[in-house]
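Comments concern the structure below.
The values are calculated or read from the model by the stated rules, or taken from the named source; none is laboratory data. Small disclaimer: the values here were computed from a predicted structure and weren't measured. Here the Cβ positions follow ideal geometry from the backbone for every residue, glycine too, while neighbour counts run over all protein chains shown.
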């Protein structure tokens, strides 16, 4: 059975298929207490299972949380670690 | 009064009719959040959930101080006191701080895990709102940090989200006290030690939510609010102290060279307006907790909740009042109404000269407490600042369309919903001042409109007769 993940993107309508680095949240872990934990992964993403056979489900969310109604597919290639390198920019938020 | 921990506080709330206990099993994944949110929007009671899915033996206390009544109970004030009475008591007590005492043993250290044994998912951190960026373990808590140069210790209520078993992500604004300390550690190339007290005594959380000026000790203010010293205990792995009766304590370091994605989160403004973004990483090296721990949550959103009551009405209100009094402004009252979400400040003043509203705005928006707010309404001493209907009437009738409205650019609060994403990200915003006072040069008889009210437009003798005979006319 396919596992489910989600990720937050600027524009789900403009999300493109391919190989990307992405932060995903676990939605169907074996231990339910681990739900929503985040992983950074290198993954292939596609809009349908036909284009990515054997893949898992990837729900897209806008940056402010609303879920996009049509799920994508994801195939994790490798783990990228727990964090992102800090960028040298001044942020207001 | 006795300093109430959460166990005593829930009992006190039960006695005053301000708490509902839920004994059926409920889900940490949004169900608890939805219940607490609805109760907040109804200005209803707090909730103690006694059975949590996946977490036997744990409890969750939701909406601890989301009404002024409950803030009053936490401070040992009669819950039936008026808004003005509660605010005045709060204001008086916070100006009479009491230093803490250190104890050797503490309930919050009844259980301890360190290092690789740390697993944040052992606590029922709720998914507070559907679509939030993660599970927020820290919504009614404070983050303890120490200035690396001065040694001053800050308590601040900054939201923190579970990232994975050992790490959390959190928003620490550059304008906050912890943000300024974090920058110092980053320049030194060091992580910043922290402790987080989750579910401390309610007065401690209230004190941490108040935007006090830097170098004022929140723990002393909490003692003032309770009128007795807070009992602190040394942390196990960092050189910091936390309230001994906290439910859960996290110890660790805020990393200086990496980030994690955090948010979005429904906030005190009533919206989930900020996007998911790279933010501070909290590495947790030690967790201590009380037996049968109670995870305490605040569900921020549309009024009324702890954000509007503790941060807004009590916190911003008292900070602004302090700043105006220090500047010698002849104020007659300051009120930050809960439905103004901390963004709207009302100041009442006598008006000895024109443009006092401008002077007030410079003090308000220049103060630590008033800086993040966006709207200021200035009324004269004939308007009761606590009566929103009267304030609205003053706004609608006394604010000149041009001379009474001032706007100017200022730092943009990233949580301000009306700013664009770019404005929030770059800190570009503005302020609006609405002057609802008559010009001083208007002749009282020839030019100033006569208030058409019972108290103003009839002769005193007739008013007294009408009041005396009110029941005779047939009124109840």
> What about residue A:80, is it within 11 Å of the chain's Cα centre (by Cα) and in contact (Cβ under 8 Å) with a residue 40 or more places away in the chain?
Replying inline: no
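For residue A:5, state whether it is assigned to a strand (DSSP E or B), within 14 Å of chain B (Cβ to nearest Cβ), under 19 Å from residue B:163 (Cβ atoms) and in contact (Cβ under 8 Å) with a residue 60 or more places away in the chain.
Details: assigned to a strand (DSSP E or B): yes; within 14 Å of chain B (Cβ to nearest Cβ): yes; under 19 Å from residue B:163 (Cβ atoms): yes; in contact (Cβ under 8 Å) with a residue 60 or more places away in the chain: yes.
Here the answer is yes, as residue A:5 does meet what is asked.
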> Among the residues of segment B:26-33, is there at least one that is in contact with a helix residue (DSSP H, G or I) (Cβ under 8 Å, 6 or more places away or on another chain) and either more than 30 Å from residue B:284 (Cα to Cα) or outside the structural domain of residue B:224 (by TED's automatic domain parsing) (or both)?
Replying inline: no
> Among the residues of segment B:449-462, is any free of Cβ contacts under 8 Å to residues at least 24 places away in the same chain and touching a strand residue (DSSP E or B) at 6+ places or on another chain (Cβ under 9 Å)?
Replying inline: no
>> I need the full set of residues from segment B:271-286 which are outside any strand (DSSP E or B) and surrounded by fewer than 23 Cβ atoms within 10 Å (Cβ to Cβ), in order please.
In response: B:271, B:273, B:275
> For segment B:200-238, which residues satisfy the criterion of being in a loop (DSSP other than H, G, I, E, B), out of contact with any helix residue (DSSP H, G or I) (no Cβ under 7 Å at 6 or more places or on another chain) and farther than 19 Å from residue B:107 by Cα?
Replying inline: B:213, B:215, B:216, B:217
>> Only one of B:62, B:76, B:57, B:17 is in contact (Cβ under 8 Å) with a residue 12 or more places away in the chain, touching a helix residue (DSSP H, G or I) at 6+ places or on another chain (Cβ under 8 Å) and surrounded by fewer than 22 Cβ atoms within 10 Å (Cβ to Cβ). Can you tell me which?
In response: B:76
>> Quick check on my filter: what residues within segment B:255-270 are outside any strand (DSSP E or B) and either within 9 Å of another protein chain (Cβ to nearest Cβ) or without any contact (Cβ under 8 Å) to a residue 12 or more places away in the chain (or both)?
In response: B:263, B:264, B:265, B:266
> Of the residues that sit in segment B:130-157 and are within 12 Å of chain A (Cβ to nearest Cβ) and within 17 Å of residue B:261 (Cβ to Cβ), which one is surrounded by the fewest Cβ atoms within 10 Å (Cβ to Cβ)?
Replying inline: B:131
>> For segment B:167-177, check the following and say yes or no: at least one residue is touching a helix residue (DSSP H, G or I) at 6+ places or on another chain (Cβ under 9 Å), under 25 Å from residue B:109 (Cβ atoms) and part of a loop (DSSP other than H, G, I, E, B).
In response: no
>> Which numbered condition in (1) in contact (Cβ under 8 Å) with a residue 24 or more places away in the chain; (2) surrounded by fewer than 19 Cβ atoms within 10 Å (Cβ to Cβ); (3) not in a loop (DSSP other than H, G, I, E, B) is the only one that residue B:185 fails?
In response: (2)
>> Looking at (1) at positive phi; (2) out of contact with any strand residue (DSSP E or B) (no Cβ under 9 Å at 6 or more places or on another chain); (3) within 14 Å of another protein chain (Cβ to nearest Cβ), which one does residue B:474 not meet, given that it meets all the others?
In response: (3)
> Can you name every residue in segment A:22-56 that is under 12 Å from the mean Cα position of the chain (by Cα), more than 12 Å from chain B (Cβ to nearest Cβ) and surrounded by fewer than 17 Cβ atoms within 10 Å (Cβ to Cβ)?
Replying inline: A:42, A:44
>> Checking the structure you have, find out if any residue of segment B:413-435 is farther than 30 Å from residue B:266 by Cα and away from every other protein chain (no Cβ under 14 Å).
In response: yes
> Out of B:294, B:287, which single residue is out of contact with any helix residue (DSSP H, G or I) (no Cβ under 6 Å at 6 or more places or on another chain) and within 17 Å of residue B:142 (Cα to Cα)?
Replying inline: B:287
> In the set B:435, B:456, which member is in contact with a helix residue (DSSP H, G or I) (Cβ under 6 Å, 6 or more places away or on another chain), surrounded by 10 or more Cβ atoms within 10 Å (Cβ to Cβ) and closer than 23 Å to residue B:332 by Cβ?
Replying inline: B:435
>> For segment B:88-127, give me each residue that is within 14 Å of chain A (Cβ to nearest Cβ) and within 17 Å of residue B:195 (Cβ to Cβ).
In response: B:118, B:120, B:123
> What is the residue count in segment A:57-81 for residues that are away from every other protein chain (no Cβ under 13 Å), part of a strand (DSSP E or B) and closer than 26 Å to residue B:273 by Cα?
Replying inline: 2
>> On the basis of being crowded, with 16+ Cβ neighbours inside 10 Å and over 30 Å from residue A:64 (Cβ atoms), does residue B:378 make the cut?
In response: yes
>> Looking at residue B:248 and the list (1) under 22 Å from the mean Cα position of the chain (by Cα); (2) within 13 Å of chain A (Cβ to nearest Cβ); (3) farther than 25 Å from residue B:321 by Cα, which single condition is not satisfied?
In response: (2)
> So residue A:19 fits all but one of (1) closer than 30 Å to residue B:122 by Cβ; (2) touching a strand residue (DSSP E or B) at 6+ places or on another chain (Cβ under 6 Å); what number is the exception?
Replying inline: (1)
> How many residues does segment B:1-14 hold that are surrounded by fewer than 17 Cβ atoms within 10 Å (Cβ to Cβ) and either within 19 Å of the chain's Cα centre (by Cα) or without any contact (Cβ under 8 Å) to a residue 24 or more places away in the chain (or both)?
Replying inline: 3
